[in-house]
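Asks: Below is the structure I would like to discuss, written out as structure tokens.
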Amino acid sequence: MKKDKKISFLDLNINCYIEKIQDKIRVLTNKRDYLIIDGVEHWQEKNSKIYLRIIIIPLSIINIENKDILVILDNMTKFYEFGEKTRFMLKSFETAKEKLLSENSILEKATDELEIINKYLQSRNNEEFILLNEKIIKQSMEFEILKNQYEAILDSIGLGVMIVDQNLIVKNINSLALKYLEINYEFIIDKSLIGINNSKILSDVLKRISETMEIREPMNFIIDSSNSEKQFLDIKINPINKKKNEGVILIIKEGVLSSC
């Protein structure tokens with residue numbers, strides 16, 4: 001190859017990155033704009049996979065007469081691996097939460113049945129009644145321990161959870177959800193969310209809850225946190241029952257915007 005011969009970057013087909021971004025580079029050639037492509041997979045030698053972020057910057061942004069294009073390949077492998085681990089952890093949590101809710105429903109049904117039996121046996125002061133009453137107390141204590149463990153798990157991974165019925169009555173809420181939604185009421189259980197305060201965050205959330213109840217499909221959205229301009233709340237709303245309106249479950253986590 002002669003040294004003075006110019007080779008177009010767009011004509012090179014030496015790897016998958018150039019092939020993937022050639023068309024995008026052609027479009028950007030005459031634009032004063034940039035492009036970011038996330039999640040490009042690449043298999044290296046020894047069969048190891050990495051993830052790249054490709055940043056395409058026409059230098060005409062700096063100098064309109066400069067038609068060169070800067071292409072940056074940023075190795076984001078660790079970031080994507082962390083994301084995969086986080087998704088796996090959240091999936092495991094969702095499975096555990098569903099199991100816990102199922103067990104809670106069974107336990108509540110059993111408790112109701114035991115209460116009926118208890119009322120019947122109250123008229124009979126005998127040893128059988130005493131043993132049954134002790135069993136009820138033991139089950140109630142076990143349920144309280146399980147509930148405390150569940151709330152401790154939520155707090156440890158920074159998740160706020162709130163359960164609201166079809167009438168917007170709060171059936172359950174943990175301390176992080178109270179904090180994230182700026183609810184100051186100490187006794188909010190079995191109270192309506194409507195009109196408890198004028199928080200903009202809660203107003204936005206109430207609107208999304210109503211939409212989720214109407215379409216009965218999960219909804220995920222992000223709103224700014226009042227704690228800091230760099231913080232946001234990632235909120236997921238799931239209908240309790242997709243076939244009929246029985247309320248929703250909110251899962252809230254706080255994130256921080258990247259400074260990059």
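The values are calculated or read from the model by the stated rules, or taken from the named source; none is laboratory data. Bear in mind that the values here come from a model prediction, so they are computed numbers and not experimental data. Cβ atoms come from the backbone with ideal geometry, glycine included; neighbour counts cover every protein chain shown.
Asks: Looking at segment 93-110, is at least one residue outside the structural domain of residue 172 (by TED's automatic domain parsing), among the β-branched types (Val, Ile, Thr), within 30 Å of residue 56 (Cα to Cα) and within 15 Å of the chain's Cα centre (by Cα)?
Replies: no
Asks: Evaluate the following for residue 106: is it at pLDDT below 75 and part of a helix (DSSP H, G or I)?
Replies: no
Asks: Among 84, 45, 115, which is the only one that is of a type in the set (Asp, Glu), at pLDDT below 75 and either outside the structural domain of residue 138 (by TED's automatic domain parsing) or over 26 Å from residue 236 (Cα atoms) (or both)?
Replies: 45
Asks: Taking segment 173-190, which residues are surrounded by 15 or more Cβ atoms within 10 Å (Cβ to Cβ) and over 19 Å from residue 222 (Cβ atoms)?
Replies: 173, 174, 178, 183, 188
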